[in-house]
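To start, the structure itself, in C-alpha cells.
The values are calculated or read from the model by the stated rules, or taken from the named source; none is laboratory data. Small disclaimer: the values here were computed from a predicted structure and weren't measured. A quick note on method: Cβ atoms are made from the backbone with ideal geometry, for glycine too, and the neighbour counts reach across all protein chains shown. Heads up: the accessible areas ignore ligands, DNA and RNA and are worked out on the full protein's heavy atoms, side chains in. Shrake-Rupley method; radii C 1.70, N 1.55, O 1.52, S 1.80 Å.
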Amino acid sequence: MDRATFACSTAFFRDYSSSAQGTFSTGHVDFIDKIESFTYSDFFRDYLIPNQPCVFSEKFTDGWGSRRNWVTWGGKPDFDHLLQEFGEAIVPVANCDVKEYNSNPKEQLPFKEYVSYWKEYIKNGYRSSRGCLYLKDWHLSRAFPEQDVYTTPVYFSSDWLNEYWDAIAVDDYRFVYMGPKGSWTPFHADVFRSYSWSANICGRKKWLLYPPGQEDYLKDCHGNLPFDVTAPGLQDRSVYPRYNQSQPPVEIVQEAGEIVFIPSGWHHQVYNLEDTISINHNWVNGCNVAIMWCFLQDELAAVQREINEWKDPMDDWHLQCQLIMKSCTGIDYKEFYNFLKVIAENRISILEKGLDDEASSKNTPKAAISTLGMLHAVFDLKRTVKVLTSLSANEDFKKLDLTSLSPPPEALLHHLKAAIDTALL
C-alpha cells in the first residue's frame, strides 16, 4: 500500500460510517485487462474502499496449474486428468432441481461417481432422473495441499477469514465448484457479508448482482428473500409488495479464465452457461470487517427476537443466544474477539519484529502482510481498533463470561494503539 492510498483509506473511513457499503449508480462493471498496469493500490482505492465489483481478464490466471491441467484443448473439463488426481475424494454435491428451505439439499459423493454422472448428463442432452447436480464448496486445497492448482492474486491477499481459520486449523473459505451447463446457485449474500472472488478455470457464468439495500425491495410480505430472483412469482404484488421499486440487477457474463470480484454485502444469483469449473474464496479485511461486525449484531438480534419468550425463565439466555447464532453463522461474539486478536497480533509481530528471509519466502499470512507493507499493517490495526472498541462496548458482549479471553479486550486495545503510534513515528 502506498502513502496516497493509506491517506485515501484514512479519509474515507473517517468521513463515512463504519458499516458503509458504498453505492452503485450505473450498471457498468469495470474490466481490468492488463496485469502490468494495475497495482494493488489501484484495486484497494477503486474497488475495495468503495465496495464496487470488477472483472479481471484471463491474463491474471494464465500461469495457474488448474488452467493448464484441468482443461482440454477444446476448453472443456478434462475428466480423465481430474479422475486421475481426485477420483477417490469425497465431495459435496447439491441438487439444483430441489429447494430445501432456502437452498439446495446436499449429499456427499465419491468424486468418480460425480464425474460419471456428469458425463452421462452431457450425453443425455443435459438431462437426468437424478436432477441437475452441482459440486459446490469443495475444500480441495485443504484436502490436496500438494497440488499445483492456483496462486491467490495479490489483490485478494489481505484475507483475514482464511488467515484466522488457518491459524486455528479448523476450517477455511477456499472452494472449488464444478458443474454442468444449467447448474446454478440461488439468490444469496456471502458468509459474514464477506467479499468473494471467483475465477473460471473453464466454462462461462452469468452473474446477477444487487447492490446493498436493493435486496430489501425483493423481500416478500413476511420479510423473506426470494429463492430465485427470476421467478415469475415476484411480479405478484400481494406477495412481493416492493418488487416494482427494485432496480434491475447488474449482469456480468464471466468467460473462461476471468475473475469476478463480488463486493461485501452484494446479493447475487449465479448460472453456469457451460460446463464450468471455478475457484472461489470468501474473504474479509480491514475495509469490510465493520460490515461483518454489523452482520453479526443483526444475526444475534434476530435470534434474540426468536426466543425472547424464554428470556426470563432461562438463566443462561444470553449464552444460549450466542450458541444458536454460532450454529447458524459459524461464529459467536467471543470467537469474533479471538478472530480480531489473531489478525491484530500477526500485524503487531510484523511491525515490531519484522520477518526473516526464510519466513518471507514462504506462502504464509505473515509473508503476505509483509509484502503488502507497513502502512497496510497500520491500516489493518486501525480498523481492528475501531471494531474492537465497538465490540468491547457492546452490552451483549459484556454480559458474557470474558475471563477466558487472553489478553483481556482492554489490554489488547492498549497494545494495538501503542503499536500504531510507534509505527507512525
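Taking the listed residues 176, 170, the one that is open to solvent by 10 Å² or more (accessible area, probe 1.4 Å) and either in contact with a helix residue (DSSP H, G or I) (Cβ under 7 Å, 6 or more places away or on another chain) or not in a helix (DSSP H, G or I) (or both) is 170, with no other qualifying. Looking only at residues in the stretch 246-267 that are within 20 Å of residue 226 (Cβ to Cβ) and in contact with a Phe, Trp or Tyr (Cβ under 6 Å, 6 or more places away or on another chain), the one that is most open to solvent (accessible area, probe 1.4 Å) is 249.
Residues in the stretch 37-62 that are open to solvent by 60 Å² or more (accessible area, probe 1.4 Å) and either among the polar types (S, T, N, Q) or modelled with pLDDT under 95 (or both): 37, 39.
Evaluation of residue 144 against the conditions (1) surrounded by fewer than 17 Cβ atoms within 10 Å (Cβ to Cβ); (2) modelled with pLDDT of 95 or more; (3) under 27 Å from residue 295 (Cβ atoms) shows that the sole unmet condition is (3).
On the given criteria, is residue 298 of a type in the set (Asp, Glu) and crowded, with 20+ Cβ neighbours inside 10 Å? It is false that residue 298 is of a type in the set (Asp, Glu) and crowded, with 20+ Cβ neighbours inside 10 Å. Evaluate the following for residue 73: is it assigned to a helix (DSSP H, G or I) and more than 21 Å from the chain's Cα centre (by Cα)? So residue 73 fails the test. When restricted to residues that are touching a strand residue (DSSP E or B) at 6+ places or on another chain (Cβ under 6 Å) and open to solvent by less than 60 Å² (accessible area, probe 1.4 Å), the stretch 79-94 contains 4. Within the stretch 386-412, the residues that satisfy the criterion of being aliphatic (A, V, I, L, M) and open to solvent by less than 20 Å² (accessible area, probe 1.4 Å) are 387, 388, 391, 405, 412.
This table checks each residue for (1) more than 23 Å from residue 43 (Cα to Cα); (2) touching a residue at least 24 places away in the same chain (Cβ under 8 Å); (3) out of contact with any strand residue (DSSP E or B) (no Cβ under 8 Å at 6 or more places or on another chain).
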{"position": "380", "(1), (2), (3)": "no, yes, yes"}
{"position": "395", "(1), (2), (3)": "yes, no, yes"}
{"position": "402", "(1), (2), (3)": "yes, yes, yes"}
{"position": "408", "(1), (2), (3)": "yes, no, yes"}
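Scanning the stretch 108-141 for residues that are at negative phi and either at pLDDT below 95 or within 21 Å of the chain's Cα centre (by Cα) (or both) yields 134, 135, 136, 138, 139, 140, 141.
Filtering the stretch 219-252 to residues that are in contact with a Lys or Arg (Cβ under 9 Å, 6 or more places away or on another chain) and touching a residue at least 40 places away in the same chain (Cβ under 8 Å) leaves 225, 227, 228, 251, 252. Residues in the stretch 282-295 that are buried (at least 22 other Cβ atoms within 10 Å of the Cβ) and in a strand (DSSP E or B): 283 only. Restricting 265, 257, 286 to residues that are within 14 Å of the chain's Cα centre (by Cα) and on the phi > 0 side of the Ramachandran plot narrows the list to 265.
Of the residues making up the stretch 225-276, not one is assigned to a loop (DSSP other than H, G, I, E, B), among the hydroxyl-bearing types (Ser, Thr, Tyr) and in contact with a Gly (Cβ under 6 Å, 6 or more places away or on another chain). Restricting the stretch 98-140 to residues that are in a strand (DSSP E or B) and charged (D, E, K, R), which is least open to solvent (accessible area, probe 1.4 Å)? Once the filter is applied, the top-ranked residue is 136.
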